[in-house]
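In what follows, a single structure is set out as structure tokens and then discussed.
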Amino acid sequence: MSTTVPHNHTPGTPARKGRWAATISLLAILIGLATGSTHSPPLSASAQLYQLYLPRVARPWSLYCPLAGASESASGPGPASQLSRARPDTIIRAHLADGTEYYVQRLGEDLVLNGEGYRFVGTNAHYLAGPFFPEDLMEEVISTLAGSGVDVVRVFVEPWCDLGRVLRMLDLGGLHGMRFILTLQDFYGKQDGWWFKSEYKTKGLPHIRNIVPLLADRPEVLMWELMNEPICPAEDANKACWDALHLWARVTSAEIKRLDPNHLVSAGTLRAGFKEQAIDTFRRVQALDTIDLVSVHGEGGKLSQGERALEQDIAHELGKPIYFGEVHIPGHDKQCQPLSATALDQRAQAIASDLDQLQALGIDGYLLWQFAYGGVDMGTHNQYFCGELEYFADDPAWQVLREHK
């Protein structure tokens, strides 16, 4: 989007320091490389991001791909009521000095950290590792979110992302006690079923083999997601596509587990759907031994109504944790202005009601879609990072997250 939408946000710019370890790790990787649904879903927040941030073209993802580097058994329920809730240490990397275990693990339907129950709240900032958001603003975003009650940030790390930048992002997050969900692909850059049938073999698996070993010992990684919202679109919603999607999830999740035994893996799914084949495939994917958590995206502000969603029932049947990777609640209009004088406060109240119900409903994570940075000077034009479902730094929702830590 080439025009700036007016807004009264003036972000700061604190200084950023890189780390030698990140540089050394990146050089080692570079040296190694040198040598050697039956239903049609509504447009999700993730799909909308291309409309919000980029011109409408046939292949929008190509606009921010740099030319260089653009390669392409269920356990029983855990004792949730007996577990206290652990919080991350101020500096997660302290485990290097004292030997404490800082990888979040699964125990039945619960997440655990150092033997204590772990539940997280946070936000998406999908753009944080991508080349279309300036890296010199990354520290500002992470420090702002850390002070806003955020435990976990969900970020897309697709094949064209700079691995050195990803390492620096983890370093910054670790200093603020923050973890990341790293999403390896985005379905909305693929838009058809061929990815699941064959394309992942030449583009998805090489990406996994590049990035996963590099980050396998990083405690700032909470989990890997195979893809943002994998689904068979309407034109491919047949048995062959659903079977291919299941096979893709089995192969890629197994490869991640082979390369990285430390971290959790999720499919990154949107929802189970409405048609029999879609629901069956959702259940089969979540049932894989190499999938640790059930992912769901959906409308927020409804948990207090007490109705269990189908995805929650499936997670309980399988004895696995479930988390909301994206929570959608409108707050702004298309010009990024509040829908009304009370819209943002009402949205914050809806989030508070949801968070009050997480433990009772057995939900282990809750991530808002998403942090809105606002205007960015890109040199030749101004880019505006915002959307109808997003949250500026002064949104009252952040106070709700702080109060629920």
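Values in this text are rule-based calculations from the coordinates and carry no lab data. If you're wondering where the values come from, they're calculated on a predicted model, not measured in any experiment. Methodologically, a virtual Cβ is constructed for each residue, glycine included, from the backbone with ideal geometry; neighbour enumeration extends over all protein chains shown.
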For Val150: the one exception among (1) within 26 Å of Phe324 (Cβ to Cβ); (2) aliphatic (A, V, I, L, M); (3) in a helix (DSSP H, G or I)
(3)
Flagged in the range 315-335 as over 21 Å from the mean Cα position of the chain (by Cα) and either assigned to a helix (DSSP H, G or I) or under 21 Å from Lys275 (Cβ atoms) (or both), in numbering order, are His316, Glu317, Leu318
Looking only at the range 218-237, filter to residues that are of a type in the set (D, E, K, R) and more than 19 Å from the chain's Cα centre (by Cα); which one of those is nearest to Leu113 (Cα to Cα)?
Asp236
Flag for Leu259 being surrounded by fewer than 20 Cβ atoms within 10 Å (Cβ to Cβ), under 30 Å from Asn114 (Cβ atoms) and of a type in the set (A, V, I, L, M):
yes
Among the candidates Arg271, Arg283, which residue alone is charged (D, E, K, R), surrounded by fewer than 22 Cβ atoms within 10 Å (Cβ to Cβ) and in a loop (DSSP other than H, G, I, E, B)?
Arg271
Restricting attention to the range 153-165, the residues that are surrounded by fewer than 24 Cβ atoms within 10 Å (Cβ to Cβ) and not in a loop (DSSP other than H, G, I, E, B) number exactly 4
Quick check on Lys334: is it under 30 Å from Ala267 (Cβ atoms) and of a type in the set (Lys, Arg)?
no
Filtering the range 116-147 down to residues that are part of a strand (DSSP E or B) and within 23 Å of Leu389 (Cβ to Cβ) yields Phe120, Val121, Gly122, Thr123, Asn124
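Here is a yes/no grid of residues against (1) closer than 30 Å to Asp171 by Cα; (2) crowded, with 23+ Cβ neighbours inside 10 Å:
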position	(1), (2)
Gly189	yes, no
Cys232	no, yes
Asp243	no, no
His246	no, no
Thr252	yes, yes
Name the residue, out of Ala254, Ala244, Ala240, Ala278, that is in a helix (DSSP H, G or I), within 21 Å of the chain's Cα centre (by Cα) and small (Gly, Ala, Ser).
Ala254
Got a number for residues in the range 298-314 being within 20 Å of the chain's Cα centre (by Cα) and surrounded by fewer than 23 Cβ atoms within 10 Å (Cβ to Cβ)?
5
Which residues, counting only those in the range 368-382, are crowded, with 24+ Cβ neighbours inside 10 Å and not in a loop (DSSP other than H, G, I, E, B)?
Leu368, Phe371
